[in-house]
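Worksheet: the structure to be examined is printed underneath.
The values are calculated or read from the model by the stated rules, or taken from the named source; none is laboratory data. Not measured: the values here are computed from a predicted model. Neighbour counts are summed over all protein chains in view; Cβ atoms, including those assigned to glycine, are modelled from backbone coordinates with ideal geometry.
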Amino acid sequence: ADARASFKKNCVGCHSEDGSGGLKEVDGKKLKVPNLREGHALNHPDDDFIKQITKGGDGMPAFKDKLTPEQMNELVRFIRHDFQGK
């Protein structure tokens, strides 16, 4: 439940409620937000997700000062379970 709330608070604005991502406008910039349900996201190891959440990049903000390592791990487990069926 905590990971779902964290996803809703921190991720839904760009990745959408269902994790589908897509073309978004954030701070006046058009971004192609990755789909967490299919494609490359299915092949990335958990460490890559953690690194991206921690450091941000490619238009994504860094969450190293907003989320604890355990919260980040819970988010990855949530994404794997709810969006990727793993």
Would you please list the contacts, defined by Cβ atoms under 8 Å and residues six or more apart or on different chains, that run from a residue in the range 57-86 that is in contact (Cβ under 8 Å) with a residue 24 or more places away in the chain to a residue that is outside any helix (DSSP H, G or I) and basic (Lys, Arg)?
Gly59/Lys29; Arg80/Lys86; Phe83/Arg37; Gln84/Arg37
Any idea which residue in the range 1-33 is surrounded by the most Cβ atoms within 10 Å (Cβ to Cβ), counting only those that are of a type outside the set (A, V, I, L, M), free of Cβ contacts under 8 Å to residues at least 24 places away in the same chain and under 19 Å from Asn73 (Cβ atoms)?
His15
Counted residues in the range 48-81 being of a type outside the set (S, T, N, Q), within 17 Å of Gly19 (Cα to Cα), in contact with a helix residue (DSSP H, G or I) (Cβ under 8 Å, 6 or more places away or on another chain) and at pLDDT 95 or above come to 11
Tell me, which helices (runs of 4 or more DSSP H) wholly within the range 18-86 include 2 or more residues that are farther than 16 Å from Ala3 by Cα?
40-43, 46-55
